[in-house]
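Computed from the coordinates by the stated procedures, all read-outs in this text should not be read as laboratory data. Because the structure is a prediction, the values reported are computed rather than measured. Glycine gets a Cβ as well: all are built from the backbone with ideal geometry, and neighbour counts include every protein chain shown.
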Amino acid sequence: MIRLWKFTLFFVLCLVAALLLNLPIQQVLPYVKVPDTVRLVGIDGTLIRGKAQEISVNQFPIREIDYRYMPSCIPLLKICYRVTYERGTIQVAYDLLNGDTEVNKARIEYPVLEIVRNLPNVPVQPSGRMELQVDDLAMVDGKPTALNGKLVWRDLGLDDSGVKISIGDYQMDFTGNSQKYDFKLSDLDASLDVDGEGEVDATGLYSFDIRIESEIGIDPQVKSVLNLVARSTGYNKYRIEQTGRLPPDVVRQLFQ
């Protein structure tokens, strides 16, 4: 009799879990607290897997989304999903014990022009593509409390009246929290040697100091641009120092 009771209880628990996981996502969303800055469009599926036409965060769109539940997180008392979208992938985990949200193994790629059009005081039209890699991101109440990763600028260059000039790949490593981000610049497979550092705080105030040089010479068109945005510190050596404040919409993207 006891054995039958245990079997029946196990069967009922499995049935309840199966029914919950296969609930249409539209029946669950009304009970999920979504921040005002997040907009969901065209979501269809269950708690296990599904699709979304678009998720907009602070008017920054992420499109063509597929999500899949990851049962490997159950022993850690976390709810985990792997999200694939048009320009990258991301793994999201919700901690059932403390309510924290964690993001890791995220990769996002965007054309540079889609990013810099929101930045002030850009005197030239850059080209290339940005690859954002997030190693760890922890969030509490929708705000970042810890962030580590890197931003790689592939084929960094200039678009001079339709003629693109590439000067290679460059990388920015960053770390921060809800109050401030620190970053460090370096060159990868590039024609210019770059070394720099900077910071931006939650009010939007930023500062950076970048040193640029080349032992093999600099393309005349690249050199003309450097003469506009940097000061010469020697033969084929330049330095860019700047402080300012980011637009409010960019600050919201970074800190809210």
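Excluding residue 136 itself, calculate the net charge of residues whose Cβ lies under 14 Å from the Cβ of residue 136, where each Lys or Arg counts +1 and each Asp or Glu counts -1. Write down the numbers at each step before the final one.
Values: positive: 105, 107, 150; negative: 95, 100, 102, 135, 173.
Around residue 136, the charge tally is -2.
Would you mind calculating the gained length between residue 84 and residue 224 on full extension (0.36 nm times residue separation, minus the Cα-Cα distance), in nm to one decimal? Write out the running numbers ahead of the final one.
Values: separation 140, 0.36 × 140 = 50.40 nm, distance 4.11 nm.
My answer for the length gained is 46.3 nm.
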Which entries of 180/223; 105/237; 105/180; 51/180 have Cα-Cα distances beyond 31 Å here?
180/223; 105/237; 51/180
Kindly put 156, 192 in sequence by how many other C-beta atoms sit within 10 Å of each C-beta, fewest to most.
192, 156
Lys/Arg +1, Asp/Glu -1 at C-beta; segment 100-256 dipole; positive extreme among 128, 151, 101
128
A student applying the Cα gyration tensor rule (rounded when a/c is under 1.5; otherwise prolate if a/b is larger than b/c, oblate if not) would label segment 100-256 prolate
Summing +1 for each Lys or Arg and -1 for each Asp or Glu, what net charge is found among the other residues whose Cβ lies under 10 Å from the Cβ of residue 212?
-1
Using the Cα centre of segment 100-256 as origin and beta-carbon charges of +1 (Lys, Arg) and -1 (Asp, Glu), tell me which of 176, 234, 196 is placed farthest towards the positive end of the dipole.
234
